[in-house]
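Before any comments, here is the structure.
Values in this text are rule-based calculations from the coordinates and carry no lab data. Just so it is clear, the model here is predicted, and its values are computed rather than measured. Using ideal geometry, Cβ is built from the backbone for each residue, glycine included, and neighbour counts are taken over all protein chains shown.
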Amino acid sequence: MPYPVGTYRADWERYPVLIRQFHPDLNRGITLTQIPPAAEVFLVWQCEVGHVFVATPDEQRNRPGGRRRRSVWCPICAQQANPPRIRPTLPTPPPPRATRASRRRRDDPSTRLPGDAFWSAVAPGPASAAEADLRQRLGLRFDFDLSFNAVAVARPFFDRLEVWPDIVLPDLRVAIEYDTVGRHGLEHVGSKEESDRRKDRALRAARWEVIRIRCGKLLPIGPYDLHASAVTERLMDRLTTTLAEVRGELIVRSYLRR
Ligand SMILES: [Zn+2]
């Protein structure tokens, strides 16, 4: 019987890698803060490469040298990084690059699923210096994977089964948009606002959440939107708070760089 949500929050906060490896949907909806760190229960974990394995909380917390390298937090990665030497005369192929769970599936449009983040060659680059600044500050503050620029959706959006948020955070399934009216005052207004709303609906239908940073006269159009006039550390603090509202403080803090 799991304890109330939050009971063991402080115990788990010291293990950000484990917070990220634990997914409630692999564990009958139970969150890590409901499980005593010493509990003799088998939990399902998924490493950053995508290996799914079973281990008790104790086994996970006591993996040798766990603080130094990510790979040692996953038994399958650990074995790949240090394979048993059966024929030491053969050159060992380099270990596979630590790509994300289903990057190969995502690279192939025919196997992509709605909600998959991927790299789209047709997506436009950063629209402004402010957007690039926002991305850089996110990367400095959080250990997020910022290598994607598109999210697959179930129904065509402007004839494509993909949308292109300004910033794609697959770790949290959150898209961030930085909206200004642009040099000519014509962006995100009028009929363009309706296409912004359609884009947000397409993302939410794929179980993503959207945070729009709305600048100048642009008013919020979604429940988590923030109004701002520039990219500042104050805005980054507000964005951090909003990410925590959307996905939970424990998981968001586990990505903070220390
Ligand atoms: Zn692994």
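Near Lys199, within a Cβ-to-Cβ distance under 14 Å, what is the net charge of the other residues, with Lys and Arg +1 and Asp and Glu -1? Summing Lys/Arg as +1 and Asp/Glu as -1 gives -4. The C-alpha atoms of the chain define a longest principal axis, and helix 191-205 lies at about 20 degrees to it. Computed over neighbours whose Cβ is under 13 Å from that of Glu13, the net charge equals +4, Lys and Arg +1, Asp and Glu -1. Given a cut-off of 24 Å, what percent of all Cα-Cα pairs of the stretch 103-253 lie beyond it? When all Cα pairs of the stretch 103-253 are counted, 29 percent exceed 24 Å. Annotation: amide H-H contacts under 5 Å for Val174 (H modelled 1.01 Å from N, sequence separation of 5 or more, or interchain): Leu169, Glu209. Among the cysteines of the chain, those with no neighbouring cysteine Cβ under 4.7 Å are Cys215.
Our estimate of slack between Glu13 and Arg204, defined as 0.36 nm per intervening residue step minus the Cα-Cα distance, is 65.9 nm.
In order along the stretch 26-41, phi translates into HN-Hα couplings of 8, 10, 6, x, 7, 9, 4, 5, 9, 10, x, x, 9, 4, 8, 10 Hz, rounded to whole numbers, per the Karplus curve 6.51 cos²θ - 1.76 cosθ + 1.60 with θ = phi - 60° and x for Gly and Pro.
Calculated FRET efficiency, Gln80 to Lys217, Cβ-Cβ distance, R0 = 51 Å: about 0.45 to the nearest 0.05. Its relative contact order, with pairs defined as Cα atoms under 8 Å and 6+ residues apart, puts the chain at 14 percent. Global size of the stretch 9-81: 11.4, 32 Å for Rg and Dmax (C-alpha atoms, Rg to one decimal, Dmax whole). So how tilted is helix 233-247 from the main axis of the chain? Cα-based, degrees 0 to 90, rounded to 10. That helix lies at roughly 60 degrees to the long axis.
Once the Cα atoms are used to define both axes, helix 129-141 deviates from the longest principal axis of the chain by about 20 degrees. From the largest down, the chain spans 65, 47, 32 angstrom on the principal axes of its Cα atoms.
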